[in-house]
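First the structure, in the form of structure tokens, and then the observations on it.
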Amino acid sequence: TKDAVKTKDAIVSTKLTLHGKYCFLTTENARLGVSQKLTEDESKRLLSLLTEVCAGHEELGYGMVLRTNARDVSANDLTADLQEVIASYRNLLNYGIHKKAFELLYQPMSGYLQKIKAIDASVSFEILTDQEDVFAQIDSAFPQYVSEKKLLRHKDDVISLLTLYSIRKHLEECTQKKVWLKSGANLISEQLETMTFIDINSSKNASKKEDTLFYINMEAAEE
């Protein structure tokens, strides 16, 4: 649940989370729920379906939540997704106890695929990539996106997407320790073992007005 930082070890958990396209299963609690972003009528419909499909969930020790992208999805599609996740969990319970130490029990989707899965299907979006392996992974997980023209392959031997969208430059800006503000002040962030320390410096801002520090702090807070 948390990466190692300097002398502090990584933190692990025995609470499992299994993701479906429209739902996720958790062993943290045995409650059934739906996204709070849904309308009251849609919440009632989904909760009724969830209660029916997940009958006996408390005995198996899991809870289930339907995401926002479950809105207006047919009962058949939702049922299939829920049953697939439940089957994966049952498989873990049945076969996990027979595995040897250090064997992989379950491999969840990578983070970026989980984010794609969480996108509301009714929203208009486009995924563009020039990496063959990434295209293949997304196509395998969401085959309908190619036919719907939501997944596109960028083909240009001269200009890559990294160059076209100045991605390296943006990554460097996002990860640098010093961030300049329009006023000439700057922020310096440093990750320590127990917290992230952010220092606000007036730096190039030479104003001697009485409220200068207040406005620098306001600007820094927004940044």
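Loop only per DSSP, at most 10 neighbouring Cβ atoms within 10 Å: give me the trypsin sites (Lys or Arg not before Pro) in segment 87-164, ordered by residue number.
Values: sites: Arg90, Lys99, Lys100, Lys115, Lys117, Lys149, Lys150, Arg153, Lys155; in loops: Lys99, Lys100, Lys149, Lys150, Lys155.
In loop regions of segment 87-164 (DSSP not H, G, I, E or B), the sparsely surrounded trypsin sites (Lys or Arg not before Pro) are Lys100, Lys149, Lys155.
Which angle from 0 to 90°, rounded to the nearest 10, does the C-alpha axis of helix 40-53 make with the longest principal axis of the chain?
Helix 40-53 sits roughly 50 degrees off the main axis of the chain.
Quick one: which of Lys178/Lys208; Lys6/Lys100; Lys2/Lys117; Lys21/Lys149; Lys2/Lys115 span more than 26 angstrom between C-alpha atoms? Could the numbers behind the result be given before it?
Details: Lys178/Lys208 23 Å; Lys6/Lys100 31 Å; Lys2/Lys117 23 Å; Lys21/Lys149 19 Å; Lys2/Lys115 19 Å.
From Lys178/Lys208; Lys6/Lys100; Lys2/Lys117; Lys21/Lys149; Lys2/Lys115, over 26 Å: Lys6/Lys100.
Just the number: Rg to Rh for segment 1-113, Cα atoms, Kirkwood Rh, two decimals. Provide the component values of the computation, followed by the final result.
On the way: Rg = 15.9 Å, Rh = 15.6 Å.
Ratio value, two decimals: 1.03.
Charges only on Cβ, +1 for Lys and Arg, -1 for Asp and Glu: so what's the dipole of segment 63-194 about the Cα centre, in debye to the nearest 20?
Working: 16 positive and 18 negative charges, 67 e Å.
Computed about the Cα centre, the dipole is about 320 debye.
Per residue, what accessible area does segment 1-132 have, given a 1.4 Å probe and all protein chains present, in Å²? Kindly include the intermediate steps, with their values, before the conclusion.
Numbers: 8810 Å² over 132 residues.
Roughly 67 Å² per residue, with all protein chains present.
Principal axes first, then extents: for the Cα atoms of segment 1-55, list largest minus smallest coordinate on each axis, whole Å, largest first.
50, 24, 18
How tilted is helix 132-141 with respect to the longest principal axis of the chain? Cα atoms for both, answer in degrees (0 to 90, nearest 10).
40 degrees
Heavy atoms only, probe 1.4 Å: what % of the accessible area of segment 53-197 goes to carbon and sulfur, would you let me know?
Working: 5320 of 9840 Å².
Percent of accessible area from carbon and sulfur atoms in segment 53-197: 54.
What's the extension gain from Glu219 to Ile188 if we count 0.36 nm per residue and subtract their Cα-Cα distance? Kindly include the intermediate steps, with their values, before the conclusion.
Values: separation 31, 0.36 × 31 = 11.16 nm, distance 1.40 nm.
Working it through step by step, the gained length comes to 9.8 nm.
What percent does the relative contact order of segment 130-223 come to when contacts are Cα pairs within less than 8 Å and at least six residues apart?
16 percent
Note down the magnitude of the dipole of the chain about its Cα centre, charges +1 on Lys and Arg C-beta and -1 on Asp and Glu C-beta and zero elsewhere, to the nearest 20 debye. Don't skip to the end; give the middle numbers.
Values: 28 positive and 33 negative charges, 73 e Å.
For this selection, approximately 360 debye.
Taking only DSSP H segments of four or more residues, each worth -39500 (n - 2.57), what value at 222 nm results for the chain once the sum is divided by all its residues, to the nearest 500 deg cm²/dmol? Please report the intermediate quantities before stating the final value.
On the way: 9 runs with 84 residues, N = 223.
The per-residue figure over the chain is -11000 deg cm²/dmol.
Could you grab the relative contact order for the chain? Cα pairs under 8 Å, six or more apart, rounded to a whole percent.
Values: 242 pairs, mean separation 31.2, N = 223.
Relative contact order of the chain: 14 percent.
Students sometimes get this wrong: rank Phe142, Phe24 by accessible area, probe 1.4 Å, all chains present, largest first.
Numbers: Phe142 5, Phe24 60 Å².
The ranking, largest first, comes out as Phe24, Phe142.
Given the options Phe125, Phe102, Phe197, state which has the largest fluctuation in a GNM of the chain using a 10 Å cut-off (strictly under) for Cα springs.
Phe102
Can you tell me the length gained on complete extension of the stretch Asp77 to Lys169, counting 0.36 nm per residue apart and subtracting the Cα distance? Before the final figure, lay out the partial values.
Working: separation 92, 0.36 × 92 = 33.12 nm, distance 4.16 nm.
Extra length available between Asp77 and Lys169 comes to 29.0 nm.
How high is the relative contact order of segment 43-172, in percent, with contacts defined as C-alpha pairs under 8 Å that are six or more residues apart? Kindly include the intermediate steps, with their values, before the conclusion.
Working: 60 pairs, mean separation 24.4, N = 130.
Relative contact order for segment 43-172 comes out at 19 percent.
How long are the semi-axes of the ellipsoid equivalent to segment 63-112, from square roots of 5 times the Cα gyration tensor eigenvalues, in whole Å, largest first?
Working: eigenvalues 153, 37, 12 Å².
With the √(5λ) rule applied to segment 63-112, the semi-axes are 28, 14, 8 Å.
So for Ile97, Ile127, Ile216, what's the accessible-area order with a 1.4 Å probe, most first? Mind dumping the intermediate values first?
Working: Ile97 130, Ile127 25, Ile216 5 Å².
Ranked list, largest accessible area first: Ile97, Ile127, Ile216.
Anyone know which of Gly56, Gly33, Gly20 comes out most mobile in the 10 Å Cα GNM of the chain?
Its mean-square fluctuation being the largest, the pick is Gly56.
Any idea of Asp139's accessible area? Nearest 10 Å², probe 1.4 Å.
Solvent-accessible area, nearest 10 Å²: 50 Å².
Whole percent per 5 Å bin, from 0 to the bin with the longest distance: what is P(r) over all C-alpha pairs of the chain?
Once binned at 5 Å, the Cα pair distances of the chain give 1, 5, 9, 11, 11, 11, 12, 13, 11, 8, 4, 2, 1, 0, 0.
Once you have a ≥ b ≥ c as the square roots of the Cα gyration tensor eigenvalues for segment 63-170, tell me rounded if a/c is under 1.5, and otherwise prolate or oblate according to whether a/b is larger than b/c. Provide the component values of the computation, followed by the final result.
On the way: a/c = 2.70, a/b = 1.51, b/c = 1.79.
Oblate.
The values are calculated or read from the model by the stated rules, or taken from the named source; none is laboratory data. Model, not experiment: these values are computed from the prediction. Quick reminder, even Gly has a Cβ in these numbers, built from the backbone with ideal geometry, and neighbours come from all protein chains shown. Ligands, DNA and RNA are excluded from the accessible area calculation, which covers all protein heavy atoms including side chains. Shrake-Rupley method; radii C 1.70, N 1.55, O 1.52, S 1.80 Å.
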